[in-house]
2 protein chains.
Amino acid sequence: MALAAVLAAGCAPSAKTRAAGKNGKPAQITLDDALVQFSLVSALAAGDYVGDTPLADLLASGDFGVGTFSHLDGEMIVLDGKIYQALADGTVRAADLNGTTPFAAVTFFSEDGQITIPAANSLEELEEQLDRQLPRHGAPYAIRIDAEFPTLTLRSVRPVYSAREPLVDVVKDQITWEHEQLRGTLVGLRYPGWIDTLNVAGYHWHFVSYDRTIGGHVLACEFERGQVRFDECSTLVIHVPQSKAFEETGAGDVKKQDIEKIERQRTPRARP
Amino acid sequence: MALAAVLAAGCAPSAKTRAAGKNGKPAQITLDDALVQFSLVSALAAGDYVGDTPLADLLASGDFGVGTFSHLDGEMIVLDGKIYQALADGTVRAADLNGTTPFAAVTFFSEDGQITIPAANSLEELEEQLDRQLPRHGAPYAIRIDAEFPTLTLRSVRPVYSAREPLVDVVKDQITWEHEQLRGTLVGLRYPGWIDTLNVAGYHWHFVSYDRTIGGHVLACEFERGQVRFDECSTLVIHVPQSKAFEETGAGDVKKQDIEKIERQRTPRARP
């Protein structure tokens, strides 16, 4: 058991007047080892792209993870407590921490173990090896892979500022980039199947190069000479969006298959 | 925005050695206004009834909620910080806090508002009125209704100690109790549709009488002269089971329709 929820009433003031809690103070819980997500992938899939979560709040919940930015303006990589933004033009920049996100998931990466995978000829092969070697299939994981990538296919999407457009249509116009001989880090999350449409079941990989100039959502790769580290998370936290836009989305109607399409629009990569 | 996640590193010791966090201390997050669940209803539906969450841990996460007990030995009502156990023989007792639960959801009930519903001829009518009057449909709610109940149909299930049996079969043998002219409290949770199979979408009601002698899972009721209070929760917390039993269940394969069947096996009640 890793239930680290402890009552910590009165640690920090609450913005909301609360009747509960001892001495009239807010009743709070403190969690260790949590994978924290802001919004739902189903809300994103339904077109809630604006997002009002400050990036500073994100960093208060974790130092490692993936996500997107308001108006889908780039793929988000959170690594070692820094937020990188991989733009549709293929460049990477340090994100403006005054910005916001409509969807992201982060954890404080705390290594629980390492896995030996000498090489993989494809992302699928890498995932099969991880499936065999990660301790549990029912738990969520954060996975960090520092390695060399003989080939790597990344995608980013163009920002969406106009009226709401389902994400499944947005990703049809995804911009893909083919790279060779890159060194860098795969920042990955693996959710169990029971996550349904709250997040992406299975693996979700973003990449940023060692020099922090190239990055994006990973569609395909070959991999070698890597260090594979994992952090098993015992708790999931889901921050429910407070926006009117979220109320208007049909997040409850999004199907698991749509999420699959959005996140796994992978193109098999022919060797160059 | 009600993002109350703040970094509170070092507040409490972690049972697990962690590499992350400032000064080598665990990186923790503190949450206010959270609805905290232990395990998944899909795991319960798949037969993971043993449960290893101490009831004391449950009370550290909330003072209001619903759940079940190890081996499905009764329906759980958490009210005003006390845990009541409605047994299959129709009686209610204060739960032994040395016990454990395989599934429960609790929050620190903090009233966000009241709703005026003078009377309802059925549980469905009550829920329709709540649907119209609760502020949002995308948010989870805890709902407390103190009222008089001209009629009330409760169920409990027999404990399951033998080999694993799908919950959908267990509830076929549910024991139902018809009551008249009861005063007491409905302890309810409402989850949005996006919760999928992690919990029960829609309303989930347990009841305990004012004198704490009668209780159970509510299948039907008439209601009058009630006080309806609600607490909107901004965050969901899901504690992932750590047990081997959970690993062996097919929680990811459980369908939303099965959850419906289990929780809403309601019998329309003819007036006596």
Original post:
What single numbered condition from (1) within 29 Å of A:R225 (Cα to Cα); (2) open to solvent by 20 Å² or more (accessible area, probe 1.4 Å); (3) at pLDDT below 95 fails to hold for A:I117?
Top reply: (2)
**OP:** Take the residues in the stretch B:21-44 that are surrounded by fewer than 22 Cβ atoms within 10 Å (Cβ to Cβ) and closer than 13 Å to A:A34 by Cβ, then tell me which one is modelled with the highest pLDDT.
**Re:** B:T30
**OP:** Confirm whether B:G10 is more than 7 Å from every other protein chain (Cβ to nearest Cβ) and modelled with pLDDT under 50.
**Re:** yes
Original post:
Which of the following residues is open to solvent by 60 Å² or more (accessible area, probe 1.4 Å) and hydroxyl-bearing (S, T, Y): B:T107, B:T151, B:T176?
Top reply: B:T176
Original post:
Of (1) away from chain B (no Cβ under 14 Å); (2) open to solvent by 10 Å² or more (accessible area, probe 1.4 Å), A:A60 satisfies all except one. Which?
Top reply: (1)
Original post:
Hey, among B:Y203, B:Y210, which residue is in contact with a Gly (Cβ under 8 Å, 6 or more places away or on another chain), surrounded by fewer than 22 Cβ atoms within 10 Å (Cβ to Cβ) and within 15 Å of B:L79 (Cα to Cα)?
Top reply: B:Y210
Original post:
Residues in the stretch B:77-98: is at least one open to solvent by 10 Å² or more (accessible area, probe 1.4 Å), in contact with a Lys or Arg (Cβ under 9 Å, 6 or more places away or on another chain) and at pLDDT below 95?
Top reply: yes
Original post:
Taking interchain pairs and intrachain pairs at least six residues apart, which have beta carbon atoms under 9 angstrom, with the first residue in the stretch A:125-142 and within 22 Å of A:F108 (Cα to Cα) and in contact (Cβ under 8 Å) with a residue 40 or more places away in the chain and the second part of a loop (DSSP other than H, G, I, E, B) and of a type in the set (G, A, S)?
Top reply: A:A139/A:S234; A:P140/A:S234; A:A142/A:G62; A:A142/A:S110
Original post:
Is one or more of the residues making up the stretch A:211-225 of a type in the set (A, V, I, L, M, F, W, C) and within 14 Å of another protein chain (Cβ to nearest Cβ)?
Top reply: no
Subject >> Qualifying positions in the stretch B:102-137 - part of a loop (DSSP other than H, G, I, E, B) and within 14 Å of chain A (Cβ to nearest Cβ) >> reply: B:P102, B:F103, B:F108, B:F109, B:S110, B:E111, B:D112, B:L134, B:P135, B:R136, B:H137
Original post:
Exactly one of (1) crowded, with 16+ Cβ neighbours inside 10 Å; (2) modelled with pLDDT under 95; (3) more than 14 Å from chain B (Cβ to nearest Cβ); (4) not in a loop (DSSP other than H, G, I, E, B) is unmet by A:W194. Its number?
Top reply: (3)
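Looking at the stretch A:200-245, what strands (runs of 3 or more DSSP E) fall wholly within it and have at least 2 residues that are closer than 23 Å to A:S39 by Cβ?
Correct list: A:202-209, A:215-221, A:235-239.
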Original post:
Looking at (1) open to solvent by less than 10 Å² (accessible area, probe 1.4 Å); (2) farther than 15 Å from A:V66 by Cβ; (3) of a type in the set (S, T, N, Q); (4) in contact with a strand residue (DSSP E or B) (Cβ under 7 Å, 6 or more places away or on another chain), can you tell me which one A:S156 breaks?
Top reply: (2)
**OP:** Select from the stretch A:138-148 the residues that are part of a strand (DSSP E or B), in contact with a Lys or Arg (Cβ under 7 Å, 6 or more places away or on another chain) and closer than 12 Å to A:E232 by Cα and write down the one among them that is most open to solvent (accessible area, probe 1.4 Å).
**Re:** A:R144
Original post:
Could you say which residue among B:G67, B:G47 is among the small types (G, A, S), at pLDDT below 95 and either in contact with a helix residue (DSSP H, G or I) (Cβ under 8 Å, 6 or more places away or on another chain) or open to solvent by 10 Å² or more (accessible area, probe 1.4 Å) (or both)?
Top reply: B:G47
Original post:
Conditions: (1) among the hydroxyl-bearing types (S, T, Y); (2) over 30 Å from A:D48 (Cβ atoms); (3) within 14 Å of chain B (Cβ to nearest Cβ). A:S234 meets all but one. Number of the miss?
Top reply: (2)
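The values are calculated or read from the model by the stated rules, or taken from the named source; none is laboratory data. All values derive from a computational prediction rather than experimental measurement. Quick reminder, even Gly has a Cβ in these numbers, built from the backbone with ideal geometry, and neighbours come from all protein chains shown. Just so you know, the surface numbers come from the protein's heavy atoms only, side chains and all, with ligands and any DNA or RNA stripped out. Shrake-Rupley method; radii C 1.70, N 1.55, O 1.52, S 1.80 Å.
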